[in-house]
Amino acid sequence: MSATRYAYLGPEGTFTEAALRQLPEAATRELAPMVSVPAALDAVRAGKAAAALVPIENSVEGGITTTLDELAVGQPLMIYREVLLSISFALLVRPGTQLADIKTVTAHPAAQAQVRNWLSAHLPEAQWESAASNADGARLVQEGRYDAAFAGEFAAATYGLEPLVTEIHDAENAQTRFILVGRPARPSAPTGADKTSVVVWLGPDRPGALLELLQEFAVRGVNLMLIQSRPTGAGIGNYWFAVDAEGHIADRRVAEALMGLKRLSPDVRFLGSYPRADVRREELAPLRPGTSDEEYVSAADWLNRCQDGRF
């Protein structure tokens with residue numbers, strides 16, 4: 001395995017590359033652009049990269065389905081870290097291009113939802129075509145295949161383009177969440193401000209099946225930060241769920257919730273416990289009474305004494 005190589009959704013100039021460069025260790029790693037999210041994750045699975053950074057969620061459209069699907073199937077991988085990046089687009093064009101000249105535009109499909117209103121207001125007749133990534137869209141503009149691309153302003157110099165319009169976003173404070181993914185190993189120690197991600201398959205269809213899974217978290221005071229359904233491919237009405245929960249697998253309340261899921265679900269895939277990027281420990285709300293590790297230990301001690309006749 002290449003211990004110094006990090007793969008990412010390329011080509012050069014993507015928001016993913018910008019997010020990856022926020023990691024301190026990126027300065028000492030070989031950064032390898034890949035043509036797609038599956039290619040980046042497969043590089044890790046094949047031992048061609050130690051880790052891969054890929055997008056998993058944005059604040060406008062929610063979960064990135066390609067990433068979620070790739071993590072749910074195939075050889076297991078694990079999330080080790082997350083990075084948040086504020087997203088603002090620039091309209092990149094070849095030098096000399098004016099707004100009136102633009103008949104075709106391109107970008108990654110996830111970008112469309114974040115610039116749809118701007119596009120409708122300023123380029124209502126322009127034809128949209130999807131690209132493998134925003135930076136790949138910039139490359140296609142460089143090659144003359146499209147008139148303009150929505151991408152990060154920082155990508156302009158890489159592809160010899162000019163930012164005709166900057167600070168384009170339909171939603172203020174839009175962010176994308178990226179995850180650093182590697183092969184499974186022991187999770188890092190809890191920080192007190194952590195997140196645990198799992199994929200859960202529903203069992204036989206029956207009333208309350210999803211509620212039973214969610215109650216495993218609720219009764220233990222574990223807050224859910226994301227829950228998204230995805231089709232299993234086995235027919236209409238068959239779904240699995242991607243879940244992000246507050247806390248670490250080393251926390252008693254989280255560990256017991258995961259055991260509860262495993263009892264109820266035919267399949268649960270642990271995707272990792274890792275530090276949160278959106279909040280510090282001192283900013284978290286207090287735990288619900290009865291859900292701290294100390295209270296779990298005290299309750300277990302009481303039960304042991306009852307079993308031993310020492311109550």
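What are the residues in segment 2-48 that are on the phi > 0 side of the Ramachandran plot and open to solvent by 10 Å² or more (accessible area, probe 1.4 Å), if any?
Taking segment 2-48 as the starting set, the residues that turn out to be on the phi > 0 side of the Ramachandran plot are 13, 47.
Answer for segment 2-48, where residues must be on the phi > 0 side of the Ramachandran plot and open to solvent by 10 Å² or more (accessible area, probe 1.4 Å): just Gly47.
For beta carbons closer than 6 Å, sequence separation of 6+ or different chains, a first residue in segment 246-261 that is over 13 Å from Lys195 (Cβ atoms) and a second that is acidic (Asp, Glu), the qualifying pairs are Arg252/Asp293; Ala257/Glu216; Gly260/Glu216; Leu261/Glu216. Restricting attention to segment 292-300, does a residue exist that is among the small types (Gly, Ala, Ser), closer than 30 Å to Leu20 by Cα and touching a helix residue (DSSP H, G or I) at 6+ places or on another chain (Cβ under 9 Å)? No, that holds for no residue.
For segment 156-180, a residue qualifies if it is surrounded by 18 or more Cβ atoms within 10 Å (Cβ to Cβ) and among the charged types (D, E, K, R), and exactly one does: Arg177. Within segment 204-223, the set of residues being among the aliphatic types (A, V, I, L, M) and closer than 17 Å to Pro266 by Cα comprises Ala209, Leu210, Leu211, Leu213, Leu214. Answer with yes or no whether Arg139 is within 17 Å of Gln175 (Cα to Cα) and among the charged types (D, E, K, R). In short, no.
The set of residues in segment 7-54 that are without any contact (Cβ under 8 Å) to a residue 60 or more places away in the chain and in contact with a helix residue (DSSP H, G or I) (Cβ under 6 Å, 6 or more places away or on another chain) comprises Ala7, Tyr8, Ala26, Met34, Val37, Pro38, Ala49. When restricted to residues that are modelled with pLDDT under 95, under 23 Å from Arg21 (Cα atoms) and touching a Phe, Trp or Tyr at 6+ places or on another chain (Cβ under 7 Å), segment 169-186 contains 2. Which of the following residues is in contact with a helix residue (DSSP H, G or I) (Cβ under 7 Å, 6 or more places away or on another chain), free of Cβ contacts under 8 Å to residues at least 60 places away in the same chain and either aromatic (Phe, Trp, Tyr) or within 30 Å of Ala155 (Cα to Cα) (or both): Phe178, Phe217? Result of the check over Phe178, Phe217: Phe217. A search for C-beta distances below 6 Å between a residue of segment 65-94 that is more than 27 Å from Ala149 (Cα to Cα) and any residue that is among the polar types (S, T, N, Q) and open to solvent by less than 10 Å² (accessible area, probe 1.4 Å), counting only pairs 6+ apart in sequence or on different chains, returns Ile79/Ser197.
The values are calculated or read from the model by the stated rules, or taken from the named source; none is laboratory data. A quick note: this is a predicted structure, and the numbers were derived from the prediction, not measured. Every residue, glycine among them, receives a Cβ derived from its backbone with ideal geometry; neighbour counts consider all protein chains shown. In case anyone asks, the SASA skips ligands and DNA or RNA and just uses the protein heavy atoms, side chains included. Shrake-Rupley method; radii C 1.70, N 1.55, O 1.52, S 1.80 Å.
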